[in-house]
Amino acid sequence: MKKNSIFSALLFFINSVTATALLVSYFLPYISPKTFPSLTVFSLFVPFLVLTNLGFLIYWLIKLHKNALLSTLVLLIGWFLAPPLIKFSNKEVVLTNDLKVMSYNVRMFNYYKWNDDITTEQKIYEFINNESPDIIALQEFYQSDLIDIRLPYKYIKTKSTTNKFGLAIYSKYPIVNSGSLNFEKSANNTIFIDILKNYDTIRVYNVHLESLKINPNKENFGEKSSERLFKRLSIGFQKQVEQTERIIQHEYSWKGKKIICGDFNNTAYSWAYKKLAKNKKDAFIEKGLGLGKTFRYIYPMRIDFIITDDKANINQFKTYNKIKLSDHYPIMGRLNW
């Protein structure tokens, strides 16, 4: 009996720590990472903390124990304060004139052979062409000689004239304007195009915020490694602030139809996401299904987004979580105005 009491007390202590961490995390989107950079790291762990508290809640409910109230309360607060971690089926209305927008971090088409399958690059092209998006925004793009994306218009921006790595947007519709925000002291960037569809001009941003270089196969959470990891993440978050502010300043002058998509390298519980999604619609929240996991990590991380102006209708959203040709999963939304 005494052993059970000690175990329950220890378990509730761990429950209390994770519940407190989750509660604090709800307020991180309101605090600039420049203010508390080390604290911002917890925005990455919100999905893990939600699932952990859900596990504790189920355990205490099975035991019919009053300790279930703690996680119940914290999860209920998150229900009203935070973006949803999981979405259930929404009714889809697919129209023939929908704009099909895809975003995909292609990990340089396997240029560094992280995948043993030497046909990975060709399989990515085959997947894209089979899904037939009207617009596709590619992050970690490599200007390969084998490129076979069957869309007539494109805007590609590499880091330099000799460097083949960068960002690209391919379009079914004519591109009437394009440009790059040229992030300083960063391997990442944001580009944009204006397309002409049925006499309408639509702006599309392809965003790739500062990479945090998280690798579940290489991370070592020992004491010294953890300290280096947190320091690296803190620096990355601060760079994301500068880049996010740059994007917001640039898009502010555009009053027309707008799509912001790409790899934010951060979750929907972050300051960067909250700023970029302000007064806009998140396609996953509108029409998503399931956990929306877009990054192949040890727990569900949604760091790739399709966001539109608030006048757009999101008719469908899909995460291709069976396509394992990169460390990210492709996403696609059907949009209309």
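Below is a table of values for the structure above.
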| read-out | value |
| --- | --- |
| Lysine-lysine proximity count for region 2-81, Cα under 24 Å, sequence distance 8 or more or distinct chains | 4 |
| Kyte-Doolittle mean at least 1.6, axial Cα span of 18 Å or more - DSSP H helices of the chain | 46-62, 68-81 |
| For MET102, net neighbour charge (Lys/Arg +1, Asp/Glu -1) across residues whose Cβ lies under 10 Å away | 0 |
| Over the chain, relative contact order from alpha-carbon pairs under 8 Å, at least 6 apart, % | 21 percent |
| Length gained when the stretch TRP114-PHE165 is fully extended (0.36 nm per residue, less Cα-Cα span) | 16.7 nm |
| Local electrostatic count, THR72, Cβ distance below 14 Å [Lys/Arg +1, Asp/Glu -1] | +2 |
| Residue with peak Gaussian network fluctuation, the chain [Cα springs, cutoff 10 Å], from ILE62, ILE118, ILE128 | ILE62 |
| The chain: translational diffusion in µm²/s, Stokes-Einstein, Kirkwood Rh over Cα pairs, 25 °C, 0.890 mPa s | 116 µm²/s |
| Among the listed pairs LYS123/LYS275; LYS123/LYS281; LYS91/LYS280; LYS91/LYS293; LYS287/LYS311, those beyond 24 Å (Cα-Cα) | LYS123/LYS275; LYS123/LYS281 |
| Around GLU92: net Lys/Arg minus Asp/Glu count, Cβ-Cβ under 9 Å | +3 |
| Net length gained if the chain between THR20 and LEU64 were fully extended (0.36 nm per residue, minus Cα distance) | 13.6 nm |
| Ascending count of other beta-carbon atoms within 10 Å, so fewest first, for THR52, THR201 | THR201, THR52 |
| For TRP60, TRP254, order by how many other beta-carbon atoms lie within 10 Å, fewest first | TRP254, TRP60 |
| Sequence ranges 166-176, 141-151, ranked by mean other-Cβ count within 10 angstrom, highest first | 166-176, 141-151 |
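Read the figures in this text as sums done on the coordinates, not as results from a lab. Only a predicted model underlies this, so the values are computations on that prediction, with no experimental measurement involved. Heads up, the Cβs are rebuilt from the backbone with ideal geometry, glycines too, and the neighbour counts pull from every protein chain shown.
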